[in-house]
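J.: Here it is, the structure, as structure tokens.
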Protein chains: 2
Amino acid sequence: MIPWNRVTIIGTGLIGGSLGLALKKAGLARTIVGVGHRQTSLDEALARGAADEITLDVAAGVRRSDLVVLATPVGSFTEVLTRAKPALAAGAIVIDVGSTKGEVVAEIESLIPKEVIFVPCHPIAGSEQRGVASAREDLFRGATCVVTPTDRTSVAALDRVVATWEALGMKVRILSPEGHDRTLAEVSHLPHVAAAALVRVIGIDAESFVGPGWGDTTRIASGDAVLWRDILMSNAEQIAAAVERLQGVLAAFRVALQQKDAGRIESLLAEAKARRDKLIKR
Amino acid sequence: MIPWNRVTIIGTGLIGGSLGLALKKAGLARTIVGVGHRQTSLDEALARGAADEITLDVAAGVRRSDLVVLATPVGSFTEVLTRAKPALAAGAIVIDVGSTKGEVVAEIESLIPKEVIFVPCHPIAGSEQRGVASAREDLFRGATCVVTPTDRTSVAALDRVVATWEALGMKVRILSPEGHDRTLAEVSHLPHVAAAALVRVIGIDAESFVGPGWGDTTRIASGDAVLWRDILMSNAEQIAAAVERLQGVLAAFRVALQQKDAGRIESLLAEAKARRDKLIKR
């Protein structure tokens with residue numbers, strides 16, 4: 001594919017930094033501009049080769065770029081885009097890498113000028129670590145990227161963005177923003193809420209008995225609270241609905257336990273085991 | 001400590017087999033008798049050195065032993081003990097290694113002859129794998145063993161059993177059977193139910209999006225369904241109560257999500273993170 005001429009990555013953390021490294025390595029960008037709000041992080045991105053130029057000024061950073069990547073936490077997209085807006089080039093493509101879509105996409109689209117094309121993206125990769133120090137050029141290889149075009153996304157822009165992710169080794173899946181959010185609520189956001197809830201449930205007396213099983217089940221609850229607050233807030237309705245479905249399944253377990261219904265308990269467990277074993281094998 | 005003269009291990013699987021290996025290695029048993037219901041498993045236990053003698057006959061296996069270990073699944077203790085009962089030597093000590101205590105202890109105690117002493121035990125080790133092939137002489141080293149004496153447990157028998165577990169490298173904690181079950185419901189049984197429930201919640205469309213976080217959170221749901229049915233059944237009341245507490249915490253998350261209360265969501269997540277980080281560090 002024809003490389004991008006000038007790519008601006010706003011937010012040179014784990015995802016933004018890895019994207020810079022991957023685009024350079026694949027020869028998909030002539031110049032990469034890193035934009036951030038901390039000089040030390042930008043200096044590190046430059047030193048690691050994740051950006052060719054760096055700036056603290058969002059408007060200056062996006063000027064003349066044909067691809068602008070929003071790689072800051074989802075909670076800051078509005079602020080970042082408001083500052084970028086006056087400087088965006090006509091015909092530029094804007095993508096985000098946010099982990100929720102419905103509300104975020106609507107919000108970004110309301111700010112995007114008519115002559116700029118927005119292609120919402122969620123590369124599902126490396127959510128646990130943070131910072132450019134953890135960035136890797138192969139972070140995206142083999143992982144899935146969900147792209148959620150809207151009515152205003154042109155086919156040409158969609159194709160070019162999809163081709164870019166595929167060139168970095170990603171499997172691309174097209175979903176509606178709402179389909180994406182329901183799916184991610186089920187496989188990512190709800191497990192996070194459940195893990196945090198499990199941590200809260202144990203009593204003081206039980207603290208010294210936590211073992212490897214508990215550690216696995218609650219691991220994601222050690223994720224950054226502010227980052228996850230933003231993710232949960234931006235997908236609150238879908239997650240609340242998923243929590244309600246989880247409460248329903250837990251109610252079925254609780255009834256089976258109260259009634260000491262061994263057959264029902266076994267079938268609930270056996271179905272979950274069979275399904276998980278099948279999903280993990282893929 | 002003075003070694004046991006003759007130790008009978010009923011159920012030479014992962015726990016029973018590892019106990020045989022560990023007792024031999026530590027010189028804590030002159031003769032170990034392995035009892036099982038499949039000749040091939042017994043032959044393997046003998047070949048691995050986890051037992052010196054083997055038999056399919058429970059009564060013949062326990063005769064003349066000063067320590068009898070119930071290491072079959074908790075659901076079969078009544079049947080096993082009914083067969084062993086007529087042959088138990090006066091003064092013998094019986095221990096179990098079951099992962100629940102309240103009901104199991106009451107059940108065993110109702111079957112134990114007056115001249116035999118029962119010391120309920122739960123070595124918290126190696127619940128995921130099964131079979132003597134996975135047995136290891138160091139399975140217990142560094143792990144915790146909960147001992148839950150009853151009114152009928154003599155101090156001398158308790159001391160000797162505690163000393164045995166400690167000689168195998170275990171940290172011993174004394175709890176009431178009910179305290180044990182509440183604790184294990186919180187740190188082990190409830191996470192299992194929650195993991196199985198999380199697997200059931202995801203829709204067909206979401207199946208291809210499961211990632212490492214989902215894999216960690218649901219890992220224990222791949223445990224053996226029959227084994228876990230027995231564990232859940234034998235601690236049903238405490239687990240049902242723990243499920244209810246989990247539902248309460250999930251309700252708090254759901255309300256915060258529905259109200260889009262960012263501060264409340266952050267504090268729920270931050271408290272869980274801080275607590276988990278503290279517990280895991282120990």
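Nothing in this text is a laboratory measurement; each read-out follows from the coordinates by a stated rule. Computed from a prediction, not measured in an experiment: that's the story for all the values here. Note that we place each Cβ from the backbone using ideal geometry, even for glycine, and neighbour counts take in every protein chain shown.
J.: Per residue of the range A:167-181, in order, report the coupling 6.51 cos²θ - 1.76 cosθ + 1.60 (Karplus, θ = phi - 60°) as ³J(HN,Hα) in whole Hz, putting x for Gly and Pro.
T.: Working through the residues one at a time gives 5, 8, x, 8, 8, 9, 10, 9, 9, 6, x, 5, x, 4, 5 Hz.
J.: Largest first and in whole Å, give the semi-axes of the range A:1-125's equivalent ellipsoid, each being the square root of 5 times a Cα gyration tensor eigenvalue. Intermediate values should be presented prior to the final figure.
T.: Numbers: eigenvalues 81, 48, 42 Å².
Those come to 20, 15, 15 Å.
J.: Stokes-Einstein D for chain B at 20 °C, 1.002 mPa s, Kirkwood Rh over Cα pairs, in µm²/s?
T.: Values: Rh = 20.4 Å.
In µm²/s, the coefficient is 105.
J.: Would you mind listing the distances between the B:GLU271 label point and the same position in each other copy? Use 7 Å along Cα-to-C-beta, nm, one decimal, shortest first.
T.: Result for B:GLU271, in nm, nearest copy first: 3.3.
J.: Determine the sum of side-chain charges near A:GLU103: Lys and Arg each +1, Asp and Glu each -1, restricted to other residues whose C-beta is under 15 angstrom from that of A:GLU103. Kindly include the intermediate steps, with their values, before the conclusion.
T.: Working: positive: A:LYS101, A:ARG182, A:ARG229, B:LYS260; negative: A:ASP96, A:GLU107, A:GLU109, A:GLU178, A:ASP181, A:ASP230, A:GLU237.
Its environment carries a net charge of -3.
J.: Still on this structure, please answer the following. Rounded to the nearest 5, what % of DSSP beta bridges with both residues in the protein assembly as shown are antiparallel?
T.: On the way: 6 of 56 bridges.
About 10 percent, rounded to the nearest 5.
J.: Turning to a different aspect of this structure: When you take every Cα atom in the range A:134-282, what is the radius of gyration, and what is Dmax, the widest Cα pair distance, in Å?
T.: Reported Rg and Dmax, both Å: 19.4, 60.
J.: Which links in A:LYS281/B:LYS24; A:LYS260/B:LYS260; A:LYS273/B:LYS114; B:LYS24/B:LYS114; A:LYS25/A:LYS273; A:LYS25/B:LYS278 stretch past 32 Å when you go from one Cα to the other?
T.: Violating the 32 Å Cα-Cα cut-off are A:LYS281/B:LYS24; A:LYS260/B:LYS260; A:LYS273/B:LYS114; A:LYS25/A:LYS273; A:LYS25/B:LYS278.
J.: Which distance in nm do the two modelled labels at B:ASP151 and B:ASP138 give, with both placed 7 Å along the Cα-to-Cβ direction?
T.: Roughly 4.4 nm, to one decimal.
J.: On to the next question. Cut-off under 17 Å on the C-alpha distance; same-chain residues fewer than 8 positions from A:LYS85 excluded. Which aspartates and glutamates are left, in chain and number order?
T.: Partners within reach: A:ASP57, A:ASP66, A:ASP96, A:GLU107, A:GLU109, A:GLU115.
J.: Still on this structure, please answer the following. With Kirkwood's inverse mean 1/r over C-alpha pairs for Rh, give me the Rg to Rh ratio of the protein assembly as shown, two decimals please. Don't skip to the answer; put the middle values down first.
T.: Values: Rg = 28.8 Å, Rh = 26.2 Å.
Radius of gyration over Kirkwood radius for the protein assembly as shown works out to 1.10.
J.: Would you mind counting up the charge near A:THR183? Only other residues with Cβ under 13 Å from its Cβ, with Lys and Arg at +1 and Asp and Glu at -1.
T.: Numbers: positive: A:LYS101, A:ARG173, A:ARG182; negative: A:GLU178, A:ASP181, A:GLU186, B:ASP205, B:GLU207.
Residues close to A:THR183 contribute a combined charge of -2.
J.: What is the fewest-to-most order of B:ILE174, A:ILE202 by other Cβ atoms lying within 10 Å of their Cβ?
T.: B:ILE174, A:ILE202
J.: Could I ask something else about it? Could you tell me which residue out of B:ALA50, B:VAL62, B:GLY27 lies farthest along the dipole of the range B:14-75 toward its positive end? Charges go on the beta carbon: Lys and Arg +1, Asp and Glu -1, centred on the Cα centre.
T.: Highest projection toward the positive end goes to B:GLY27.
J.: Oh, and also: Can you list, shortest first in nanometers, how far B:ALA156 lies from the same residue in the other copies, with each label 7 Å from Cα toward Cβ?
T.: Those label-point separations list as 9.4 nm.
J.: For a distance above 24 Å, tell me the whole-number percent of Cα pairs in the range B:126-215 that qualify.
T.: Working: 1841 of 4005 pairs.
Here the tail beyond 24 Å accounts for 46 percent of pairs.
J.: Calculate the all-directions average of the projected area of the range A:206-282's alpha-carbon convex hull, and give it in nm².
T.: Numbers: hull surface 30.4 nm².
Convex hull of Cα atoms, orientation-averaged projection: 7.6 nm².
J.: Something else now. Taking chain A as a Gaussian network, Cα atoms linked when under 10 Å apart, which of A:ILE239, A:ILE95, A:ILE265 shows the biggest mean-square fluctuation?
T.: A:ILE265
J.: I need the inter-copy label distances for B:THR78: point set 7 Å along Cα to C-beta, values in nm with one decimal, smallest first.
T.: Copy-to-copy label distances for B:THR78: 6.2 nm.
J.: Shifting gears a bit: Around A:ARG83, with a cut-off of 14 angstrom between Cβ atoms, what is the net charge of the other residues, counting Lys and Arg +1 and Asp and Glu -1? Provide the component values of the computation, followed by the final result.
T.: Details: positive: A:ARG63, A:LYS85; negative: A:ASP57, A:GLU79.
Combined, the nearby Lys, Arg, Asp and Glu give 0.
J.: Out of the DSSP beta bridges found with both residues in chain A, what percent are antiparallel (nearest 5)? Provide the component values of the computation, followed by the final result.
T.: Numbers: 3 of 28 bridges.
Beta bridges within chain A, antiparallel portion: roughly 10 percent.
J.: Mind checking which of A:SER267, A:SER234, A:SER110 has the largest fluctuation in a GNM of chain A, springs on alpha carbons under 10 Å?
T.: Result for chain A, Cα springs under 10 Å: A:SER267 fluctuates most.
J.: Given +1 on the Cβ of Lys and Arg, -1 on the Cβ of Asp and Glu, and no further charges, what dipole in debye does the range A:1-115 carry about its Cα centre, rounded to the nearest 20?
T.: Details: 12 positive and 12 negative charges, 62 e Å.
That gives the range A:1-115 a dipole magnitude of about 300 debye.
J.: If the convex hull of the alpha-carbon atoms of the range A:93-175 is projected onto planes in all directions, what is the mean projected area in square nanometres? Could the numbers behind the result be given before it?
T.: Details: hull surface 23.0 nm².
Projected area, direction-averaged: 5.7 nm².
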